[in-house]
Amino acid sequence: MTSEALSPLEMPSARRFLTRGAVARTLIHQIVAGVPVRLRYPDGSTVGSAGPDGPTLDVIRPESMYRRIGHHPKIGLGEGYMAGDWRAAPGTDLAQALLPFAERMSHLLPKPVLAMRRLVDRALPAATRNTLTGSRANIEAHYDLSNDLFAAFLDPTMSYSSALFDDSRPLAEQDLVEAQHRKIDAILDTAKVGPGSRVLEIGTGWGELSLRAAARGADVLSITLSREQQALARERIADGGFAERVEVRLQDYREVSPRTDGTFDAVVSVEMIEAVGEEYWPTYFAAIDKLLAPGGTAVVQAILMDHDRYLATRNSYGWIQKYIFPGGLIPSLETMRSVTGQHTRLRVTGVHAFGTDYAETLRRWRLRFLEEWPRIEGGAFDETFKRMWEFYLAYCEAGFASGYLDVAQVTMTRPRAA
């Protein structure tokens, strides 16, 4: 058999990369032909259906970019941005340029290409399984980067989850503190948290929910796997005068026991389920079930995707998992209903979705991150890190703005009868 007759997977690696890069270039050109975005190359040539005033992406190093995408389509695009292979052109907002692709995500590629995705998809690494030790390592990789980093772009509540805006008022009139408090209060109201309530919070963040629950007269046990978060949350809670009402533990949800800790009138968990991993969702919901007092209420704020998309991506390793949230996986609402139905006595009794609010939250975080970059920069936070986080925030913003991703407060109850 001659080399010309070899399939791409049989060729020597160097030539295979060149072949995959050429295929990637052809596919990208096909995609942008039907998307109101254009690519501009170093020689000034352009490809895409957008006009001269439309969103433009400058391809700085075409061969490098397409080689990365050809090598791993789900990771190469983001790595190309990190490396400076491409960028949003002056006057083009990165998230707005990514939005048309997110809106067409389900039909960007021809069906024959989608049918071959198993040839390029990579399995989730065993090293990022969310075992007791694995979960700690995964959480530390993101949340223990630096409290100062997060403080630079989050609002003063230090809330790192979607805000909830008032849709009866213009967004420009609402600041993030107000919108984050609205989100937290909606959770606490739904969970009926008030004077004397015993509350378990799975995933402390930096303590704002615990503070507001304690201000209502509740007693709170909040657990986290991040030492950085625990330290700052304890400091903020003490400064607020609620140290006697709130305990912040460095503890896994699997280590909280009704035998030693009792049961709780409310269990709340804000955007933590995405870090649990599909393998452990039954364990996670079973823990909520056994720790929730009969008649109590659980509220889980979760990032969601459509069930068909979840099924198509659940075993595939992507850029976000490699660089931002190791071990992460976004569930579907259908999966949450199925897991709770099969493994617990919990039942979903309410769903409040507000995905477009997450797009606005992420937009504000990204703008603040870029504004504050001169103060953040230094040490491990170099230009590659900057581009990585800019792409992460813009990529997620486009996902929520397009409806490809959603976020919801999911209410679950456990019947009073045992």
Fill in: Qualifying lysines (Cα of each under 30 Å from Cα of residue 322; at least 8 residues distant if same chain)
74, 111, 183, 386
Worksheet entry | Fewest-first sequence of 72, 29, 352 by Cβ atoms within 10 Å of each Cβ | 29, 352, 72
Discussion item. I want to make sure I understand the PRE zone here: with the label point 7 angstrom from the Cα of residue 93 toward its beta carbon, which residues in region 345-359 have backbone N atoms less than 14 Å away?
Written reply: 357-359
Worksheet item: For 410, 256, what ranking results if the residue with the fewest other Cβ atoms within 10 Å of its Cβ goes first?
Response: 256, 410
Worksheet, complete the sentence: In a Gaussian network model of the chain with springs linking alpha carbons closer than 10 Å, the residue among 173, 274, 228 that fluctuates most is 173
Worksheet, complete the sentence: Rounded to the nearest Å, the spacing of the alpha-carbon centers of region 361-396 and region 209-225 is 30
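Among DSSP beta bridges lying fully in region 269-418, give the percent that are antiparallel, nearest 5.
90
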Worksheet, complete the sentence: antiparallel share of DSSP beta bridges within the chain, to nearest 5, in %, is 50
Discussion item. Based only on other Cβ atoms within 10 Å, what is the fewest-to-most ordering of 388, 105?
Written reply: 105, 388
Worksheet entry | R0 of 35 Å, Cβ-Cβ distance residue 342-residue 249: FRET efficiency to nearest 0.05 | 0.75
Worksheet item: Mean projection of the alpha-carbon convex hull of the chain over all orientations, in nm²?
Response: 22.8
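In percent, how large is the relative contact order of the chain, given Cα pairs closer than 8 Å and 6 or more residues apart?
Reported relative contact order: 17 percent.
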Worksheet, complete the sentence: Measuring from the longest principal axis of the C-alpha atoms of the chain, the long axis of helix 13-32 (C-alpha) lies at a number of degrees, nearest 10, equal to 80
Practice prompt. May I ask for the angle, rounded to the nearest 10°, between helix 333-343 and the longest principal axis of the chain, with both axes built from Cα atoms and the value confined to 0 to 90°?
Written response: 50
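We did not get these values from a lab; they are worked out from the coordinates using the rules stated. Predicted model, so just to flag it, every value in this text is computed and none were measured. Positions of Cβ are generated from backbone atoms using ideal geometry, with glycine treated the same way; all protein chains shown enter the neighbour counts.
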